[in-house]
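See below for the structure under consideration.
Readers should treat all values here as calculations from the given coordinates under stated rules, not as data from a laboratory. Note that the structure is predicted; figures quoted are calculated from it, not measured. In this analysis, Cβ positions are derived from the backbone assuming ideal geometry, glycine residues included, and neighbour counts consider all displayed protein chains.
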Amino acid sequence: MHDATGSSSPRGRRIDRSLAIRRFLTEFAASPNQDLLEDMLVTVCRLAADGASRGDLKILNTALRELRYALKVFAPYAEVPKVSMFGSARTPETHPQYLEAKKFAELIQRQGWMVITGAGDGIMRAGHHGATRESSFGVAISLPFEQKTNTIIADDPKLINFKYFFTRKLMFVKEAKAIVLFPGGFGTQDEGFEAITLVQTLKTTPTPIVMCEQPGGTYWQHWRAYVTAELLGNRMIDATDMHLFYVTDHAEDAVAEVLRFYRRYHSSRFVGDLMVFRLNRPLADATLAELAASFGDILDGGTYEQRSGPLEEEEGAYPDRPRLVFAFNRRSAGRLRLLINAINEAP
C-alpha cells in the first residue's frame with residue numbers, strides 16, 4: 001500500500017501524470033504558455049480515458065491541425081488590419097457586383113488593410129483582384145463541387161486549405177477587424193447571420209459589419225426588409241440590433257463605414273466585470289459627462305472612467321492607448337455599438 005500521494009491512488013496517478021506532462025513539455029516544447037499546453041495534453045489524456053471513438057478523434061485532430069497552421073500563417077501579419085469579404089462564387093468578372101467588390105478591396109487596401117476571403121472565383125476573386133495577391137489571404141474550403149482556387153491566390157504562402165467550415169469560419173472572424181458581405185447564396189447568408197449573432201451575443205468584440213452591393217442593387221435592401229418585418233416586427237430582435245450592420249450600394253461608403261468605426265475606438269476586452277475600450281485618442285471631460293448622461297442605461301453600476309494606460313489584467317497590451325472603463329450590463333450589443341459611434345463622432 002502506498003501513502004496518500006503514492007501512484008496507486010487516483011490522486012497519486014494524477015500527480016504522476018501532471019509531472020510527466022510538465023517534464024515532457026519542458027524538454028520538447030518549452031513555452032511561456034506552458035500552463036495552457038499542459039491543459040491541452042491533460043485533455044488528450046482524458047479523451048483516452050473517455051474511450052473516444054476513432055472518428056471523434058479524427059475530427060479533433062484535423063481541427064487542431066487546421067487551426068495550428070492557420071494561426072502560423074496569420075501570425076506575421078498580426079498588427080495589419082484585415083477585412084473578411086464574403087459573397088457568391090458564381091458572380092462573373094463582368095458583373096457589376098464583381099466590379100464593386102473589386103473596387104472595395106482596392107480602396108481598403110490603399111488604406112493599409114489586407115483582405116481575407118475564400119480562394120474561389122466570383123466575389124472571392126474580386127477581393128483578391130482588388131487588394132492584389134500581396135495583400136490577400138485565401139481561406140479555401142474543400143468541397144465536392146464548385147470550389148477551386150482562383151489564379152490570383154493559387155500557390156501563395158497566405159493560402160490556407162480547410163476541411164471543416166467551423167475552423168475556417170473561426171479564422172474569418174478571429175483575424176478580421178471588419179466584415180463586408182456582397183450578394184451571395186446560402187453560404188453568404190450563413191456567414192452574415194453568424195457574424196451578426198457573434199457580435200450581438202458578445203461572443204466576439206464589436207466589429208463593423210457592412211452589406212454592400214452594386215449601385216442601385218436590391219439584394220441587401222430586400223434582406224433588410226425581411227429582417228425588419230419578420231425579426232424586428234415579431235420582437236425576435238431589439239430595435240437597437242439594427243445598428244449592428246450597415247447597408248450600402250457603394251464601395252466608397254463601405255470603406256468609409258469601416259474606417260469610421262476605428263476613428264477613435266481601437267479595440268476592447270472584458271477584464272472581470274469591466275468593459276475596457278482602448279482608444280486612439282483620449283476623450284474630453286465634457287464628452288465623458290455626455291456619455292454618462294446618454295448611455296447610463298447600459299451600465300451595471302458606476303460610471304464611465306478614463307485611464308491613461310492598461311489595467312493590470314491586460315498584461316501590458318497597447319500601453320500607449322488611453323482607456324475608457326465601465327461596467328457594461330452585457331445585455332445590449334446594439335446600444336454598445338451606438339456608444340462606439342458616439343465616441344468616434346466626439347470632437
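Computed from backbone phi with θ = phi - 60° and the Karplus coefficients 6.51, -1.76 and 1.60, the 3J(HN,Hα) list for the stretch 168-174 is 4, 5, 4, 5, 4, 7, 4 Hz; x is used for glycine and proline.
Per-residue extension of 0.36 nm, minus the Cα-Cα distance of S294 and E194, leaves a gain of 33.1 nm for this segment.
For a footprinting-style exposure proxy, rank L170, L279, L339, L36 by other Cβ within 10 Å, fewest first. Starting with the residue having the fewest Cβ neighbours, the order is L36, L170, L279, L339. Rounded to the nearest 0.05, the FRET efficiency derived from the C-beta distance between A30 and S308 at R0 = 22 Å is 0.05.
Which one of H95, Q214, A126 is farthest out on the positive end of the charge dipole of the stretch 79-261, using unit charges on Cβ (Lys, Arg +1; Asp, Glu -1) and the Cα centre as origin? The one lying farthest along the dipole's positive direction is A126. Would you mind classifying the chain by shape? Square roots of the alpha carbon gyration tensor eigenvalues, ordered a ≥ b ≥ c; an a/c under 1.5 is rounded, otherwise it is prolate if a/b is larger than b/c and oblate if not. It is oblate, given that a/c is not under 1.5 and a/b is not larger than b/c.
Residues V227, V80, V210 in ascending order of nearby Cβ atoms (within 10 Å, fewest first): V80, V227, V210. When the chain is treated as a GNM with alpha-carbon contacts under 10 Å, the residue of A225, A251, A48 showing the greatest mean-square fluctuation is A48. Couplings for the stretch 117-134, taken from phi via the Karplus curve 6.51 cos²θ - 1.76 cosθ + 1.60 with θ = phi - 60°, read 8, x, 9, x, 8, x, 4, 5, 5, 4, x, 5, 4, x, 7, 6, 4, 4 Hz in order; Gly and Pro are left as x.
Explain nothing, just the number: dipole magnitude of the stretch 10-74 about its Cα centre with +1 on each Lys and Arg Cβ and -1 on each Asp and Glu Cβ, in debye rounded to the nearest 20.
That gives the stretch 10-74 a dipole magnitude of about 160 debye.
Spatially, the stretch 106-156 and the stretch 14-42 are offset by 39 Å when compared through their Cα centroids. For the stretch 265-345, a crude dipole built from +1 on the beta carbon of Lys and Arg and -1 on the beta carbon of Asp and Glu, taken about the Cα centre, is about 300 debye to the nearest 20.
Counting other Cβ atoms within 10 Å as a rough exposure proxy, the listed residues F166, F326 run F166, F326 from fewest neighbours to most. In a reduced charge model with +1 at each Lys and Arg Cβ and -1 at each Asp and Glu Cβ, the chain shows a dipole moment near 760 debye about its Cα centre. Look at the dipole of the chain built from charges on Cβ: of I298, M85, L159, the Cα furthest out on the positive end belongs to L159. For the stretch 313-328, the Karplus equation 6.51 cos²θ - 1.76 cosθ + 1.60, evaluated at θ = phi - 60°, returns couplings of 5, 7, 6, x, 5, 6, x, 8, 9, x, 10, 10, 10, 7, 8, 6 Hz by residue, with Gly and Pro reported as x. Pairs of lysines in the stretch 79-261 whose Cα atoms sit within less than 17 Å of one another amount to 14, provided the residues are eight or more positions apart or on different chains.
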